[in-house]
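Before any comments, here is the structure.
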Amino acid sequence: MPTKRTNLNLALLLIIQLVFWQVGTSYDHFLTLSGYLAINFMSLTLLLATRPAWLETPLGGLDSIYQLHKWTGIFAVFFALSHWLIEMWDDGLKAILGRDRSQKEGKFSGWLDTFQDAAEDLGEPGLYILLFLVAITLLRLIPYHYWRYLHKAMPLIYLTLAAHALLLAPPSWWQQSTGWVMALLILGGLFGSIQSLTGSIGKNRRYQGIIKSVESLSNQVTQVVCDLGKQWPGHQAGQFALVTFNKLEGAHPFTLSSADKTNGQLSFQIKALGDYTRKIPQHLHSGQPVLIEGPYGRFNPAKGRKNAQQIWVAGGIGVTPFLAALESHTKHPERYKTAINLYYCTSAAETDPLVARLKQLVESTPDISLHIYDSQQGQRLTADQLAITSKQVDIWFCGPNGLAKALLSGLKKQPVSLRFHQELFEFR
(Lines give C-alpha, C1' and ligand atoms only; values in the text may rest on other atoms or scores of the structure.)
Protein backbone atom coordinates (compact mmCIF):
# COMPACT_ATOMS: atom_id res chain seq x y z
CA MET A 1 0.00 0.00 0.00
CA PRO A 2 1.20 3.55 -0.67
CA THR A 3 2.49 5.69 2.18
CA LYS A 4 0.73 8.88 3.31
CA ARG A 5 3.32 10.91 1.38
CA THR A 6 2.61 8.95 -1.81
CA ASN A 7 -1.16 9.27 -1.34
CA LEU A 8 -0.79 13.04 -0.95
CA ASN A 9 1.39 13.31 -4.06
CA LEU A 10 -1.05 11.20 -6.10
CA ALA A 11 -3.96 13.36 -4.96
CA LEU A 12 -2.08 16.54 -5.88
CA LEU A 13 -1.18 15.20 -9.32
CA LEU A 14 -4.80 14.24 -9.98
CA ILE A 15 -6.17 17.58 -8.75
CA ILE A 16 -3.68 19.58 -10.85
CA GLN A 17 -4.78 17.73 -13.99
CA LEU A 18 -8.49 18.10 -13.24
CA VAL A 19 -8.14 21.83 -12.56
CA PHE A 20 -7.47 22.32 -16.28
CA TRP A 21 -10.29 20.03 -17.39
CA GLN A 22 -13.51 21.46 -18.82
CA VAL A 23 -16.32 19.71 -16.98
CA GLY A 24 -18.87 17.79 -19.03
CA THR A 25 -21.14 14.75 -18.66
CA SER A 26 -21.39 13.48 -22.23
CA TYR A 27 -20.05 10.17 -23.52
CA ASP A 28 -17.30 12.06 -25.36
CA HIS A 29 -16.24 13.93 -22.21
CA PHE A 30 -15.80 10.71 -20.22
CA LEU A 31 -13.97 9.04 -23.11
CA THR A 32 -11.49 11.89 -23.54
CA LEU A 33 -11.10 12.46 -19.78
CA SER A 34 -10.09 8.83 -19.20
CA GLY A 35 -7.63 9.01 -22.11
CA TYR A 36 -6.26 12.36 -20.89
CA LEU A 37 -5.60 11.01 -17.37
CA ALA A 38 -4.20 7.73 -18.70
CA ILE A 39 -1.53 9.31 -20.90
CA ASN A 40 -0.73 11.97 -18.29
CA PHE A 41 -0.09 9.43 -15.55
CA MET A 42 1.84 7.26 -17.99
CA SER A 43 4.01 10.26 -18.86
CA LEU A 44 4.65 10.94 -15.17
CA THR A 45 5.60 7.27 -14.71
CA LEU A 46 8.23 7.48 -17.45
CA LEU A 47 9.59 10.76 -16.10
CA LEU A 48 9.90 9.40 -12.54
CA ALA A 49 11.74 6.34 -13.90
CA THR A 50 14.68 8.59 -14.82
CA ARG A 51 15.56 8.90 -11.09
CA PRO A 52 15.50 12.74 -11.21
CA ALA A 53 17.87 14.10 -8.57
CA TRP A 54 15.92 17.39 -8.34
CA LEU A 55 12.89 15.49 -7.01
CA GLU A 56 14.70 13.52 -4.29
CA THR A 57 14.46 16.24 -1.65
CA PRO A 58 10.81 17.30 -2.17
CA LEU A 59 9.62 13.69 -2.54
CA GLY A 60 11.78 12.29 0.28
CA GLY A 61 14.38 10.17 -1.54
CA LEU A 62 14.65 7.71 -4.40
CA ASP A 63 12.61 5.06 -2.57
CA SER A 64 9.66 7.49 -2.40
CA ILE A 65 10.17 8.40 -6.06
CA TYR A 66 9.97 4.73 -7.02
CA GLN A 67 6.85 4.16 -4.95
CA LEU A 68 5.22 7.15 -6.63
CA HIS A 69 6.44 5.77 -9.99
CA LYS A 70 4.72 2.46 -9.19
CA TRP A 71 1.41 4.11 -8.28
CA THR A 72 1.32 6.57 -11.18
CA GLY A 73 1.77 3.46 -13.35
CA ILE A 74 -1.17 1.78 -11.61
CA PHE A 75 -3.29 4.92 -12.09
CA ALA A 76 -2.29 5.02 -15.77
CA VAL A 77 -3.45 1.43 -16.27
CA PHE A 78 -6.71 2.09 -14.39
CA PHE A 79 -7.58 5.09 -16.55
CA ALA A 80 -6.43 3.35 -19.75
CA LEU A 81 -8.67 0.39 -18.95
CA SER A 82 -11.52 2.80 -18.17
CA HIS A 83 -10.94 4.49 -21.54
CA TRP A 84 -11.14 1.13 -23.32
CA LEU A 85 -14.30 0.05 -21.47
CA ILE A 86 -16.04 3.36 -22.20
CA GLU A 87 -15.28 2.89 -25.89
CA MET A 88 -16.49 -0.73 -25.80
CA TRP A 89 -19.83 0.37 -24.29
CA ASP A 90 -20.20 3.35 -26.61
CA ASP A 91 -23.73 2.65 -27.88
CA GLY A 92 -25.27 2.37 -24.43
CA LEU A 93 -23.35 5.30 -22.97
CA LYS A 94 -24.17 7.54 -25.94
CA ALA A 95 -27.86 6.79 -25.43
CA ILE A 96 -27.66 7.57 -21.69
CA LEU A 97 -25.21 10.49 -21.63
CA GLY A 98 -25.55 12.03 -25.06
CA ARG A 99 -22.81 13.38 -27.36
CA ASP A 100 -20.54 16.43 -27.45
CA ARG A 101 -19.11 16.89 -30.93
CA SER A 102 -16.50 19.38 -29.67
CA GLN A 103 -14.71 16.43 -28.03
CA LYS A 104 -14.39 14.42 -31.25
CA GLU A 105 -10.93 13.75 -32.67
CA GLY A 106 -9.68 15.83 -35.55
CA LYS A 107 -9.82 14.69 -39.15
CA PHE A 108 -6.59 14.74 -41.14
CA SER A 109 -5.78 14.13 -44.76
CA GLY A 110 -2.80 12.62 -46.53
CA TRP A 111 0.01 11.03 -44.51
CA LEU A 112 -1.34 12.37 -41.19
CA ASP A 113 -4.58 10.48 -41.81
CA THR A 114 -2.52 7.30 -42.25
CA PHE A 115 -0.70 7.95 -38.98
CA GLN A 116 -3.99 8.66 -37.20
CA ASP A 117 -5.48 5.38 -38.41
CA ALA A 118 -2.34 3.52 -37.31
CA ALA A 119 -2.37 5.22 -33.90
CA GLU A 120 -6.03 4.27 -33.41
CA ASP A 121 -5.37 0.66 -34.42
CA LEU A 122 -2.34 0.35 -32.12
CA GLY A 123 -4.14 1.72 -29.05
CA GLU A 124 -5.92 -1.53 -28.14
CA PRO A 125 -2.95 -3.95 -28.55
CA GLY A 126 -0.78 -1.39 -26.75
CA LEU A 127 -3.19 -1.53 -23.80
CA TYR A 128 -3.07 -5.34 -23.73
CA ILE A 129 0.73 -5.36 -23.63
CA LEU A 130 0.74 -2.64 -20.97
CA LEU A 131 -1.66 -4.68 -18.80
CA PHE A 132 0.54 -7.75 -19.19
CA LEU A 133 3.74 -5.90 -18.26
CA VAL A 134 2.15 -4.22 -15.23
CA ALA A 135 0.63 -7.51 -14.06
CA ILE A 136 3.94 -9.41 -14.10
CA THR A 137 5.57 -6.45 -12.34
CA LEU A 138 3.06 -6.22 -9.50
CA LEU A 139 2.67 -9.98 -9.06
CA ARG A 140 6.40 -10.69 -9.44
CA LEU A 141 5.68 -13.66 -11.65
CA ILE A 142 9.21 -13.91 -13.06
CA PRO A 143 12.71 -13.46 -11.57
CA TYR A 144 14.17 -9.96 -11.51
CA HIS A 145 16.93 -10.59 -14.06
CA TYR A 146 14.32 -11.66 -16.66
CA TRP A 147 11.75 -9.05 -15.63
CA ARG A 148 14.11 -6.13 -16.11
CA TYR A 149 14.50 -6.96 -19.81
CA LEU A 150 10.74 -7.16 -20.32
CA HIS A 151 10.34 -3.89 -18.42
CA LYS A 152 12.54 -2.19 -21.03
CA ALA A 153 9.60 -2.54 -23.45
CA MET A 154 7.62 0.02 -21.43
CA PRO A 155 9.05 3.08 -23.25
CA LEU A 156 8.11 1.55 -26.63
CA ILE A 157 4.56 0.91 -25.46
CA TYR A 158 4.43 4.46 -24.10
CA LEU A 159 5.56 5.97 -27.41
CA THR A 160 2.78 4.08 -29.19
CA LEU A 161 0.13 5.24 -26.73
CA ALA A 162 1.48 8.82 -26.74
CA ALA A 163 1.06 8.91 -30.53
CA HIS A 164 -2.48 7.55 -30.04
CA ALA A 165 -3.26 10.37 -27.58
CA LEU A 166 -1.73 13.18 -29.63
CA LEU A 167 -3.34 12.24 -32.95
CA LEU A 168 -6.78 11.45 -31.51
CA ALA A 169 -7.10 14.40 -29.09
CA PRO A 170 -9.85 16.93 -29.92
CA PRO A 171 -8.41 19.78 -32.03
CA SER A 172 -9.86 22.35 -29.63
CA TRP A 173 -7.52 21.12 -26.88
CA TRP A 174 -4.51 22.77 -28.50
CA GLN A 175 -6.03 26.20 -27.84
CA GLN A 176 -6.82 25.27 -24.22
CA SER A 177 -4.87 24.56 -21.05
CA THR A 178 -6.02 20.91 -21.21
CA GLY A 179 -3.93 20.30 -24.31
CA TRP A 180 -1.00 22.31 -22.98
CA VAL A 181 -0.84 20.23 -19.79
CA MET A 182 -0.99 16.99 -21.76
CA ALA A 183 1.64 18.16 -24.25
CA LEU A 184 3.98 19.25 -21.43
CA LEU A 185 3.65 15.91 -19.65
CA ILE A 186 4.15 13.99 -22.89
CA LEU A 187 7.38 15.91 -23.44
CA GLY A 188 8.48 14.67 -20.00
CA GLY A 189 7.43 11.15 -20.95
CA LEU A 190 9.37 11.38 -24.23
CA PHE A 191 12.45 12.49 -22.30
CA GLY A 192 12.06 9.51 -19.95
CA SER A 193 11.57 7.12 -22.86
CA ILE A 194 14.70 8.32 -24.66
CA GLN A 195 16.71 8.13 -21.44
CA SER A 196 15.53 4.56 -20.89
CA LEU A 197 16.01 3.32 -24.45
CA THR A 198 19.53 4.77 -24.67
CA GLY A 199 20.57 3.45 -21.25
CA SER A 200 21.19 6.99 -19.97
CA ILE A 201 19.22 6.81 -16.71
CA GLY A 202 21.59 7.51 -13.82
CA LYS A 203 24.57 7.72 -16.20
CA ASN A 204 26.03 10.85 -14.57
CA ARG A 205 25.97 9.12 -11.18
CA ARG A 206 27.74 5.90 -12.20
CA TYR A 207 31.26 5.07 -11.08
CA GLN A 208 33.45 2.19 -12.16
CA GLY A 209 35.54 0.50 -9.48
CA ILE A 210 36.91 -2.81 -8.30
CA ILE A 211 36.04 -5.16 -5.46
CA LYS A 212 38.72 -4.84 -2.82
CA SER A 213 37.60 -7.68 -0.54
CA VAL A 214 34.82 -10.21 0.00
CA GLU A 215 34.36 -11.64 3.49
CA SER A 216 31.69 -14.01 4.81
CA LEU A 217 30.83 -12.68 8.25
CA SER A 218 28.41 -15.59 8.76
CA ASN A 219 26.54 -18.11 6.63
CA GLN A 220 23.96 -15.38 5.97
CA VAL A 221 25.94 -12.11 5.76
CA THR A 222 28.72 -11.18 3.34
CA GLN A 223 30.77 -8.00 3.57
CA VAL A 224 31.90 -6.55 0.25
CA VAL A 225 34.33 -3.63 0.14
CA CYS A 226 34.63 -1.73 -3.15
CA ASP A 227 37.26 0.80 -4.18
CA LEU A 228 36.15 3.62 -6.48
CA GLY A 229 39.14 5.89 -5.95
CA LYS A 230 38.89 9.68 -5.97
CA GLN A 231 35.94 9.78 -8.38
CA TRP A 232 33.40 8.87 -5.65
CA PRO A 233 31.65 12.13 -4.60
CA GLY A 234 31.09 11.02 -1.00
CA HIS A 235 27.92 9.98 0.82
CA GLN A 236 25.91 10.53 3.97
CA ALA A 237 25.39 7.81 6.56
CA GLY A 238 22.15 6.01 5.76
CA GLN A 239 22.31 6.36 1.98
CA PHE A 240 22.36 3.47 -0.49
CA ALA A 241 23.72 2.75 -3.95
CA LEU A 242 22.63 0.72 -6.98
CA VAL A 243 25.34 -1.89 -7.36
CA THR A 244 26.07 -3.96 -10.48
CA PHE A 245 28.31 -6.93 -9.88
CA ASN A 246 27.04 -8.73 -12.98
CA LYS A 247 25.74 -6.94 -16.10
CA LEU A 248 23.30 -9.75 -16.91
CA GLU A 249 21.79 -9.53 -13.43
CA GLY A 250 21.70 -5.73 -13.40
CA ALA A 251 21.79 -3.29 -10.51
CA HIS A 252 20.50 -4.01 -7.00
CA PRO A 253 20.07 -1.51 -4.15
CA PHE A 254 22.38 -2.04 -1.16
CA THR A 255 22.80 0.24 1.84
CA LEU A 256 26.23 1.73 2.42
CA SER A 257 27.26 0.22 5.75
CA SER A 258 30.20 2.53 6.46
CA ALA A 259 30.55 6.27 6.86
CA ASP A 260 32.26 8.22 4.10
CA LYS A 261 36.02 7.86 4.47
CA THR A 262 36.89 10.33 1.67
CA ASN A 263 39.07 7.64 0.06
CA GLY A 264 36.51 6.12 -2.31
CA GLN A 265 36.17 2.87 -0.37
CA LEU A 266 32.60 1.70 0.15
CA SER A 267 31.41 -1.14 2.36
CA PHE A 268 28.26 -3.22 1.87
CA GLN A 269 26.95 -5.90 4.18
CA ILE A 270 24.68 -8.15 2.15
CA LYS A 271 22.32 -10.73 3.60
CA ALA A 272 21.31 -13.88 1.70
CA LEU A 273 17.64 -13.06 1.14
CA GLY A 274 17.12 -14.53 -2.33
CA ASP A 275 18.68 -16.53 -5.16
CA TYR A 276 20.96 -13.69 -6.22
CA THR A 277 22.26 -12.65 -2.79
CA ARG A 278 22.80 -16.27 -1.72
CA LYS A 279 25.27 -16.73 -4.58
CA ILE A 280 27.29 -13.59 -3.86
CA PRO A 281 30.02 -15.27 -1.70
CA GLN A 282 30.74 -17.79 -4.48
CA HIS A 283 30.58 -15.39 -7.42
CA LEU A 284 32.50 -12.36 -6.12
CA HIS A 285 36.24 -12.03 -5.61
CA SER A 286 38.77 -9.27 -5.06
CA GLY A 287 39.89 -7.46 -8.19
CA GLN A 288 36.56 -8.01 -9.93
CA PRO A 289 35.05 -4.91 -11.61
CA VAL A 290 31.96 -3.29 -10.10
CA LEU A 291 29.67 -0.49 -11.27
CA ILE A 292 28.11 1.68 -8.58
CA GLU A 293 25.43 4.31 -9.09
CA GLY A 294 24.59 6.79 -6.38
CA PRO A 295 24.55 7.79 -3.67
CA TYR A 296 20.78 7.84 -3.22
CA GLY A 297 18.38 8.24 -0.33
CA ARG A 298 17.35 10.70 2.36
CA PHE A 299 17.53 8.34 5.36
CA ASN A 300 19.75 10.51 7.54
CA PRO A 301 19.39 10.14 11.35
CA ALA A 302 21.62 13.19 11.84
CA LYS A 303 18.78 15.38 10.52
CA GLY A 304 16.25 14.75 13.27
CA ARG A 305 14.32 17.57 14.94
CA LYS A 306 16.44 19.63 17.34
CA ASN A 307 14.37 18.99 20.47
CA ALA A 308 13.02 15.55 19.57
CA GLN A 309 14.06 12.32 21.25
CA GLN A 310 16.03 10.11 18.88
CA ILE A 311 15.17 6.40 18.66
CA TRP A 312 16.80 4.11 16.10
CA VAL A 313 15.25 0.69 15.38
CA ALA A 314 17.01 -1.93 13.26
CA GLY A 315 15.74 -5.36 12.28
CA GLY A 316 18.21 -7.91 10.90
CA ILE A 317 20.27 -6.58 7.99
CA GLY A 318 18.39 -3.30 8.45
CA VAL A 319 21.15 -2.42 10.90
CA THR A 320 23.50 -1.44 8.05
CA PRO A 321 22.53 2.28 7.82
CA PHE A 322 22.98 2.55 11.58
CA LEU A 323 26.47 1.07 11.38
CA ALA A 324 27.34 3.90 9.02
CA ALA A 325 25.57 6.41 11.29
CA LEU A 326 27.52 5.19 14.33
CA GLU A 327 30.81 5.52 12.44
CA SER A 328 29.78 9.02 11.40
CA HIS A 329 28.84 9.83 15.00
CA THR A 330 32.33 8.98 16.27
CA LYS A 331 33.86 11.33 13.69
CA HIS A 332 31.28 14.12 13.82
CA PRO A 333 29.42 14.01 17.16
CA GLU A 334 28.33 17.62 16.69
CA ARG A 335 25.91 16.53 13.96
CA TYR A 336 23.83 14.52 16.44
CA LYS A 337 21.87 16.84 18.72
CA THR A 338 20.47 14.51 21.41
CA ALA A 339 21.07 11.20 23.17
CA ILE A 340 20.03 8.16 21.14
CA ASN A 341 18.43 4.81 21.97
CA LEU A 342 19.32 2.11 19.43
CA TYR A 343 17.23 -1.08 19.35
CA TYR A 344 18.56 -4.01 17.34
CA CYS A 345 16.30 -7.02 16.68
CA THR A 346 18.14 -10.18 15.66
CA SER A 347 17.30 -13.86 15.36
CA ALA A 348 20.43 -15.12 17.16
CA ALA A 349 22.51 -12.57 19.09
CA GLU A 350 25.24 -15.05 20.09
CA THR A 351 26.16 -15.88 16.49
CA ASP A 352 25.26 -12.55 14.88
CA PRO A 353 28.54 -10.94 13.68
CA LEU A 354 26.93 -7.50 13.64
CA VAL A 355 26.25 -7.48 17.37
CA ALA A 356 29.96 -7.31 18.18
CA ARG A 357 30.43 -4.49 15.67
CA LEU A 358 27.54 -2.56 17.19
CA LYS A 359 28.90 -2.93 20.71
CA GLN A 360 32.34 -1.81 19.58
CA LEU A 361 30.95 1.34 17.96
CA VAL A 362 28.65 2.17 20.87
CA GLU A 363 31.54 1.93 23.36
CA SER A 364 33.07 5.06 21.82
CA THR A 365 29.76 6.97 21.80
CA PRO A 366 28.54 7.31 25.43
CA ASP A 367 25.38 9.21 24.45
CA ILE A 368 24.04 6.13 22.59
CA SER A 369 22.31 3.31 24.47
CA LEU A 370 22.19 -0.10 22.74
CA HIS A 371 19.33 -2.56 23.35
CA ILE A 372 19.53 -6.05 21.81
CA TYR A 373 16.38 -8.12 21.25
CA ASP A 374 17.00 -11.79 20.44
CA SER A 375 14.02 -13.67 18.97
CA GLN A 376 15.63 -17.04 19.83
CA GLN A 377 15.34 -16.00 23.46
CA GLY A 378 11.68 -15.12 22.99
CA GLN A 379 12.37 -11.38 23.00
CA ARG A 380 10.09 -9.23 20.85
CA LEU A 381 10.34 -5.47 20.57
CA THR A 382 7.03 -3.64 21.04
CA ALA A 383 6.10 0.03 21.09
CA ASP A 384 5.70 -0.09 24.87
CA GLN A 385 9.33 -1.15 25.26
CA LEU A 386 10.68 1.92 23.47
CA ALA A 387 12.02 4.25 26.14
CA ILE A 388 9.94 7.28 25.15
CA THR A 389 10.62 10.19 27.48
CA SER A 390 9.73 13.20 25.33
CA LYS A 391 6.64 14.71 23.75
CA GLN A 392 8.50 14.85 20.43
CA VAL A 393 9.97 11.62 19.07
CA ASP A 394 11.88 10.90 15.86
CA ILE A 395 12.07 7.18 15.08
CA TRP A 396 14.45 6.03 12.36
CA PHE A 397 13.49 2.52 11.29
CA CYS A 398 15.12 0.02 8.94
CA GLY A 399 13.92 -3.56 8.96
CA PRO A 400 10.98 -5.85 8.12
CA ASN A 401 7.69 -4.17 7.24
CA GLY A 402 5.85 -6.39 9.71
CA LEU A 403 7.88 -4.97 12.60
CA ALA A 404 7.35 -1.42 11.34
CA LYS A 405 3.56 -1.90 11.18
CA ALA A 406 3.48 -3.44 14.68
CA LEU A 407 5.46 -0.54 16.16
CA LEU A 408 3.37 2.09 14.38
CA SER A 409 0.17 0.44 15.57
CA GLY A 410 1.38 0.57 19.18
CA LEU A 411 2.74 4.10 18.87
CA LYS A 412 -0.69 5.44 17.87
CA LYS A 413 -1.66 5.05 21.51
CA GLN A 414 1.25 7.25 22.65
CA PRO A 415 0.43 10.97 23.22
CA VAL A 416 3.52 12.17 21.35
CA SER A 417 4.42 14.14 18.24
CA LEU A 418 5.89 11.31 16.17
CA ARG A 419 7.91 11.22 12.97
CA PHE A 420 8.56 7.71 11.70
CA HIS A 421 11.32 7.59 9.07
CA GLN A 422 11.50 4.44 6.96
CA GLU A 423 12.97 3.70 3.53
CA LEU A 424 11.10 1.40 1.16
CA PHE A 425 13.32 -0.94 -0.86
CA GLU A 426 10.58 -2.32 -3.10
CA PHE A 427 11.78 -1.17 -6.51
CA ARG A 428 9.24 -3.15 -8.52
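Among the residues making up the stretch 168-220, those that are open to solvent by less than 70 Å² (accessible area, probe 1.4 Å) and in contact with a strand residue (DSSP E or B) (Cβ under 6 Å, 6 or more places away or on another chain) are G202, R205, Y207, G209, I211, S213, V214, L217.
Only one entry of L403, L424 meets the criterion of being touching a residue at least 40 places away in the same chain (Cβ under 8 Å), open to solvent by less than 70 Å² (accessible area, probe 1.4 Å) and out of contact with any strand residue (DSSP E or B) (no Cβ under 9 Å at 6 or more places or on another chain), and that entry is L424.
The criterion of being touching a helix residue (DSSP H, G or I) at 6+ places or on another chain (Cβ under 8 Å), over 16 Å from D352 (Cβ atoms) and either of a type in the set (K, R) or exposed (fewer than 12 other Cβ atoms within 10 Å of the Cβ) (or both) holds for S409. Of the residues making up the stretch 280-324, just one is under 24 Å from D374 (Cα atoms) and among the hydroxyl-bearing types (S, T, Y), namely T320. Counting only residues that are outside any loop (DSSP other than H, G, I, E, B), touching a residue at least 60 places away in the same chain (Cβ under 8 Å) and over 25 Å from W21 (Cα atoms), the stretch 31-82 holds 8 of them. From the list V362, V416, V393, the lone residue that is touching a strand residue (DSSP E or B) at 6+ places or on another chain (Cβ under 7 Å) and more than 23 Å from S328 (Cβ to Cβ) is V416.
Among the residues of the stretch 300-318, those identified as in contact with a helix residue (DSSP H, G or I) (Cβ under 6 Å, 6 or more places away or on another chain) and either under 20 Å from S417 (Cβ atoms) or in a helix (DSSP H, G or I) (or both) are P301, A302, W312.
For the stretch 100-135, a tally of residues being modelled with pLDDT of 80 or more, farther than 15 Å from A162 by Cα and surrounded by 13 or more Cβ atoms within 10 Å (Cβ to Cβ) returns 4. Can you find a residue in the stretch 280-288 that is surrounded by fewer than 20 Cβ atoms within 10 Å (Cβ to Cβ), of a type outside the set (A, V, I, L, M, F, W, C) and within 20 Å of G318 (Cα to Cα)? Scanning the stretch 280-288 turns up at least one residue that is surrounded by fewer than 20 Cβ atoms within 10 Å (Cβ to Cβ), of a type outside the set (A, V, I, L, M, F, W, C) and within 20 Å of G318 (Cα to Cα). When residues in the stretch 353-377 are screened for being outside any helix (DSSP H, G or I), modelled with pLDDT under 90 and either out of contact with any helix residue (DSSP H, G or I) (no Cβ under 8 Å at 6 or more places or on another chain) or surrounded by fewer than 17 Cβ atoms within 10 Å (Cβ to Cβ) (or both), 3 of them pass. Among the numbered conditions (1) crowded, with 19+ Cβ neighbours inside 10 Å; (2) at pLDDT below 95; (3) not aliphatic (A, V, I, L, M), the only one that H332 does not meet is (1).
For the stretch 168-180, the criterion of being modelled with pLDDT of 90 or more and either of a type in the set (A, V, I, L, M) or part of a strand (DSSP E or B) (or both) is satisfied by no residue at all. Of all residues in the stretch 230-281, exactly one satisfies the criterion of being in a strand (DSSP E or B), of a type in the set (S, T, Y) and over 19 Å from P353 (Cα atoms), namely T244. You will find that of G264, G229, G234, G250, the residue that is open to solvent by 10 Å² or more (accessible area, probe 1.4 Å) and over 16 Å from A325 (Cα atoms) is G229 and no other.
Within the stretch 10-54, being within 30 Å of A404 (Cβ to Cβ) and open to solvent by 30 Å² or more (accessible area, probe 1.4 Å) holds for A11, L12, L13, L14, I15, L47, R51, A53, W54.
Taking the condition modelled with pLDDT of 85 or more, within 21 Å of A49 (Cα to Cα) and part of a loop (DSSP other than H, G, I, E, B), does G188 pass? In short, no.
Of the residues making up the stretch 3-35, those that are more than 22 Å from D100 (Cβ to Cβ) and touching a helix residue (DSSP H, G or I) at 6+ places or on another chain (Cβ under 7 Å) are T3, R5, T6, N9, L10, L13.
The values are calculated or read from the model by the stated rules, or taken from the named source; none is laboratory data. Remember, it's a predicted structure, so these values are computed and weren't measured experimentally. Note that we place each Cβ from the backbone using ideal geometry, even for glycine, and neighbour counts take in every protein chain shown. Calculation scope for accessible area: heavy atoms of the full protein, side chains included, ligands and nucleic acids excluded. Shrake-Rupley method; radii C 1.70, N 1.55, O 1.52, S 1.80 Å.
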